[in-house]
Every structure is written in structure tokens, then in C-alpha cells.
Amino acid sequence: MSAGLEVQKAIFDTLSASVPLSAIVSGVFDDVPVNYDSFPYVTIGEDVLIQWDTDKKTGFSVSVTIHTWSRVKGQVQVKTIQGLVYNALHNAVFAFTGYDSVLCQERTSESFKDPDGLTRHGVQVYNILMQKQ
């Protein structure tokens, strides 16, 4: 399986299994269903894979963006959800197929009002290091 798909699967499984996160969000998605309107929810967004090799190992540095979506006024709900995502992912050790999990850490976190004027949007970027077994 590709490194990118392994990362996406691991993040989806980890966030979906988080009881505190599941108590607040309506779902964790790769692609939000058409006309979905059950806020708040989390989406697994863009990723960038950079290959790094040593003499003996092949590895990847993967940056993954996690989006939080809310319609509650103010930033409290978005930031609460971002904290739960952080608790689930920061320093997580993933069970990849064919790869060893080396490191997962949050790089950036921001929140803002979306251009529609109604939706609060949180964006977190996580960096994951992994190497082939």
C-alpha cells in the first residue's frame, strides 16, 4: 500500500476511534457527503509526501492537513475540537502496514471565519515521519 494511503487510513482510524472527539463531532470524513449539514465535523484534507532515504532505509515525511468545521459563533467549539484532534494525533504511534511509525507532531494550528460568514474553520497541519520496514 502507498505511504500516503497508509497515513490517511491511520489518521481516519485514530480520529474515528477517539471517544471524546466522537462525542462532539458528527463525523470524520475524507470527502463530506453532498449537502451534508450536520456541524461540527472534521475532514482529512491535503497531504504532501517527501521521500527521504538513508543507505539502508526508505522513508517519508508526510504533512497532512486536518480541517474542523463548525457553525457555532465564536472560536470555542473549533478550538475545543482542535484540542481533541491534537490529543489523538500528537505523538501518536500508528500501526502502518509495511512501514514503521517514527513520529507524528502538530506543526501549525489556526482558526478563522470562513468566507460564507457562517462557518468557523480550523486548520491543523501534522507532520508524520515513517520508514519502510
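We did not get these values from a lab; they are worked out from the coordinates using the rules stated. None of these values were measured; they are calculated from a predicted model. Here the Cβ is made from the backbone with ideal geometry for all residues, glycine too, and neighbour counts use every protein chain on show.
Quick notes on this one:
- Estimated purely from DSSP H runs of n ≥ 4, each contributing -39500 (n - 2.57), the mean residue ellipticity at 222 nm for the chain is -7500 deg cm²/dmol once divided by its residues.
- Gained length - Val76 relative to Glu106, 0.36 nm times residue gap less alpha-carbon distance: 8.9 nm
- Simple rule: put +1 on each Lys or Arg Cβ and -1 on each Asp or Glu Cβ in the stretch 1-119, find the dipole, and look at Gly4, Gly59, Val19; the Cα lying farthest toward the positive end is Val19.
- Dividing the mean sequence gap of close Cα pairs (under 8 Å, 6+ apart) by how many residues the chain holds gives a relative contact order of 25 percent.
- For peptides 73-85, 92-104, sequence by mean Cβ density within 10 Å, most packed first: 73-85, 92-104
- Here the translational diffusion coefficient of the stretch 67-119 follows from Stokes-Einstein with Rh set to the Kirkwood radius across Cα pairs; for 37 °C and 0.692 mPa s it amounts to 252 µm²/s.
- Between the stretch 7-37 and the stretch 57-91, the alpha-carbon centres lie 11 Å apart.
- Lysine pairs within the chain, Cα separation less than 16 Å, 8 or more sequence positions apart or different chains: 4
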